[in-house]
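In what follows, a single structure is set out as structure tokens and then discussed.
The values are calculated or read from the model by the stated rules, or taken from the named source; none is laboratory data. Everything quoted here is computed from the prediction, not taken from an experiment. All Cβ positions, glycine included, derive from the backbone under ideal geometry; neighbour counts span all protein chains shown. These accessible areas exclude ligands, DNA and RNA; they are computed on the full protein's heavy atoms, side chains included. Shrake-Rupley method; radii C 1.70, N 1.55, O 1.52, S 1.80 Å.
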Amino acid sequence: MRQVPQDLYDRLVALRRELHRYPELSWQESRPAGVVRLFLQSFGIQRRTNVAGIGFVSDISGKTGVPSVVSRADTDALPIQEETGLAFASVHEGVMHRCGDDGHTTMLLGARFTERFALVHSKLAKPCATAPLHNWCVVYAHA
């Protein structure tokens, strides 16, 4: 099993904490959608926007002739007061990510970008270049 490069790990931790700190209720997630879009954009991933309002679809190309994988995540929070005391606790009164959607979204992106990051950014790009890349479609949508 390949380890996550430190730079990607740090970016994923920051992403999850950003999503957790600024939760928004269902159909109001404009900030989380923007955060995820910027994360994808930082990898050069294009997306189709305005899917069901603020949702989007990103196609992440891999090798031709391999199966495609569709992954879906959402970031809606719940109307619950956070009392965790975390440094990145919700700043919104009465709204928090109690159900873990912030983590689910981060894990989905981390799973895909661990492979992509190794190919694009790592000094180990030569050995990794032979790894079969699946085609992924990341769907950010509402539950």
Charge sum, other residues only, whose C-beta stays under 11 Å from Tyr22's C-beta, Lys/Arg counted +1 and Asp/Glu -1
-1
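In region 18-59, carbon and sulfur make up what percent of the accessible area (probe 1.4 Å)? Spell out each step's value before the answer.
On the way: 1020 of 2090 Å².
The computed percentage sits at 49.
Can you give me the convex hull volume of the Cα atoms of region 64-113, divided per residue and expressed in Å³? Kindly include the intermediate steps, with their values, before the conclusion.
Working: hull volume 4.4 nm³, N = 50.
Per-residue hull volume (Cα only) is 89 Å³.
Could you please report the charge total around Ala33, scoring K, R as +1 and D, E as -1 over all other residues with beta-carbon less than 15 angstrom from its beta-carbon?
-2
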Additional length obtainable on full extension of the chain from Val4 to Gln81, 0.36 nm per residue less Cα span
24.4 nm
Ordering 83-95, 30-42, 46-58 by per-residue average of other C-beta atoms within 10 angstrom, highest first, gives 30-42, 46-58, 83-95
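Using a Förster distance of 22 Å, how high is the FRET efficiency between Gln41 and Phe88, based on the Cβ-Cβ distance and rounded to 0.05? Each step should come with its number before you reach the end.
On the way: r = 22 Å, r/R0 = 1.02.
Given R0 = 22 Å and the Cβ-Cβ separation, E is 0.50.
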